Amino acid sequence: MMKERILVAIDGSKNSLEALDEAVKLAKATPSKLYLVNVQPSFHTIHTRLFIGEEMIREYQTELFDKEMESAVHHLEGQDIDYVALMKVGDPVYQISQLAKDLNVKYIVMGSRGMGLIRGTVLGSVSTGVLHETKIPVLIIPQKE
């Protein structure tokens, strides 16, 4: 039997771990593989490229990815869940929506508010953007008190 695929957006926030908990419940109810995705900023500005090399930027993105995924991976230990952690670079709305399409996932699960609270307030949240960008069902987990 082929497993369903569920994409979970992870940004290192408590809210993204709550979304992960919901994704685990879904994965256990319908045999599924979780795809944990973390989207890093590209840091490709004229000023950045003048002072910092591509390799150093990539190392920093990887360091941030590892830090933000650490709690999610720890959260899954002992849960008997099939998962893979993926790093993407660029606009979170585009990267999450495109990855979900490329992987042909059944669901996207994400928190309503993550680390980018100011960005979410000013530019519209990533979860709202993904909801409008994709045709795949999106489960948005509200932030708890």
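Filter region 10-20 for residues that are at pLDDT below 95 and assigned to a loop (DSSP other than H, G, I, E, B); which is farthest from V84 (Cα to Cα)?
Filtering region 10-20 for residues that are at pLDDT below 95 and assigned to a loop (DSSP other than H, G, I, E, B), the one farthest from V84 (Cα to Cα) comes out as S13.
For region 1-22, what are the residues that are touching a strand residue (DSSP E or B) at 6+ places or on another chain (Cβ under 7 Å), over 14 Å from S112 (Cα atoms) and of a type in the set (A, V, I, L, M)? Don't jump to the end; show me each part of the working.
Step one: list which residues in region 1-22 are touching a strand residue (DSSP E or B) at 6+ places or on another chain (Cβ under 7 Å), which gives 3-11, 13, 15-16, 18-20, 22.
Retained after the next criterion (residues that are over 14 Å from S112 (Cα atoms)): 3-7.
Those that are touching a strand residue (DSSP E or B) at 6+ places or on another chain (Cβ under 7 Å), over 14 Å from S112 (Cα atoms) and of a type in the set (A, V, I, L, M): I6, L7.
Identify, by number, the condition in (1) over 13 Å from S16 (Cβ atoms); (2) modelled with pLDDT of 95 or more; (3) touching a Pro at 6+ places or on another chain (Cβ under 8 Å); (4) not aromatic (F, W, Y) that V84 doesn't meet.
For V84, the exception is condition (3).
Quick check: anything in region 21-31 in contact with a Gly (Cβ under 9 Å, 6 or more places away or on another chain) and modelled with pLDDT of 95 or more?
To start, the set of residues in region 21-31 that are in contact with a Gly (Cβ under 9 Å, 6 or more places away or on another chain) comprises none.
The answer is no; no qualifying residue exists.
Return the residue satisfying two criteria in turn: it lies in region 102-124 and is over 13 Å from the mean Cα position of the chain (by Cα) and modelled with pLDDT under 90, and of such residues it is surrounded by the most Cβ atoms within 10 Å (Cβ to Cβ). Please lay out each step first, then the result.
First pass over region 102-124, keeping only residues over 13 Å from the mean Cα position of the chain (by Cα): 102-106, 117-124.
Next, from what is left, pick out any that are modelled with pLDDT under 90: 117-124.
Numbers: L117: 13, I118: 8, R119: 13, G120: 17, T121: 10, V122: 8, L123: 12, G124: 12.
The residue in question is G120.
Of all residues in region 33-80, which are of a type in the set (D, E) and either closer than 26 Å to E22 by Cα or at pLDDT 90 or above (or both)? Give the derivation first.
In the first step, residues of region 33-80 are kept if they are of a type in the set (D, E); the result is 54-55, 59, 63, 66, 68, 70, 77, 80.
Answer for region 33-80, where residues must be of a type in the set (D, E) and either closer than 26 Å to E22 by Cα or at pLDDT 90 or above (or both): E59, E63, D66, E68, E70, E77, D80.
Which residue is nearest to I6 (Cα to Cα), if the candidates are limited to region 56-96 and must be part of a strand (DSSP E or B) and of a type in the set (V, I, T)?
V84
Quick check on region 82-101: of everything there that is farther than 14 Å from P137 by Cβ and of a type in the set (A, V, I, L, M), which residue is surrounded by the fewest Cβ atoms within 10 Å (Cβ to Cβ)? Please lay out each step first, then the result.
First pass over region 82-101, keeping only residues farther than 14 Å from P137 by Cβ: 82-95, 98-99.
Applying the additional criterion that residues be of a type in the set (A, V, I, L, M) yields 84-87, 89, 93, 99.
Numbers: V84: 11, A85: 19, L86: 17, M87: 17, V89: 16, V93: 21, L99: 18.
Checked region 82-101; the qualifying residue surrounded by the fewest Cβ atoms within 10 Å (Cβ to Cβ) is V84.
Going residue by residue through region 93-101, is there one that turns out to be at pLDDT 95 or above, out of contact with any Ser or Thr (no Cβ under 8 Å at 6 or more places or on another chain) and charged (D, E, K, R)?
no
Answer yes or no: is there a residue in region 129-140 that is small (G, A, S), modelled with pLDDT under 95 and crowded, with 17+ Cβ neighbours inside 10 Å. Steps first, please.
First pass over region 129-140, keeping only residues small (G, A, S): 129.
So of that shortlist, the ones also modelled with pLDDT under 95 come out as 129.
Then drop every residue that is not crowded, with 17+ Cβ neighbours inside 10 Å, which leaves 129.
Yes: one or more hits.
The values are calculated or read from the model by the stated rules, or taken from the named source; none is laboratory data. The model shown is predicted, which means the values in this text are computed figures rather than measured ones. Here Cβ is always computed from backbone atoms with ideal geometry, including for glycine, and neighbour counts include all displayed protein chains.
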